[in-house]
Amino acid sequence: MAGPIQFRRGTAAAWSLANPILKAGEMGLETDTRKVKFGDGTSRWAALDYSGGGGVEDHGALTGLADDDHPQYLTEAEGDAAYSDITEPVAVAHRDDTTNVHDHGQLAVLADGDHTA
């Protein structure tokens, strides 16, 4: 019966200090960052790239993207501008049964008859 598979592992600082050469295909795990590198049999640890899945913490590291390149999200200023025509409080449209439809209040794009059962 085969035993458990174990990989070479150590903290990022320990890897940097030792700067070993991993065998071709050998995996090294940084236990504190959870990042992984695979050896090529000739390059020292510091020269190896991290394998995928380590994550990108700063969008500046992604070519063509800036830290605010998420068009699906509104900044606070964009949200304020988008909803500035709605005055407080906003009435919420809902049905409490199949016959009574409540006023849509200030939701301009909906009319009282816009619900379907």
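Read-outs throughout are calculated quantities, based only on the coordinates presented, and are distinct from any laboratory measurement. Just so it is clear, the model here is predicted, and its values are computed rather than measured. Cβ: placed from backbone, ideal geometry, glycine included. Neighbour counts: every protein chain shown.
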(message) How much length would be gained if the chain were fully extended between ILE21 and SER51, taking 0.36 nm per residue of separation minus their Cα-Cα distance, in nm to one decimal?
(response) 9.2 nm
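Within the stretch 5-50, report the trypsin sites (Lys or Arg not before Pro) that DSSP leaves as loop and that have at most 11 other Cβ atoms within 10 Å.
ARG34
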(request) Compute the distance in nm between two label points, each set 7 Å from the Cα along the Cα-to-Cβ direction, one at THR11 and one at THR42. (result) 3.3 nm
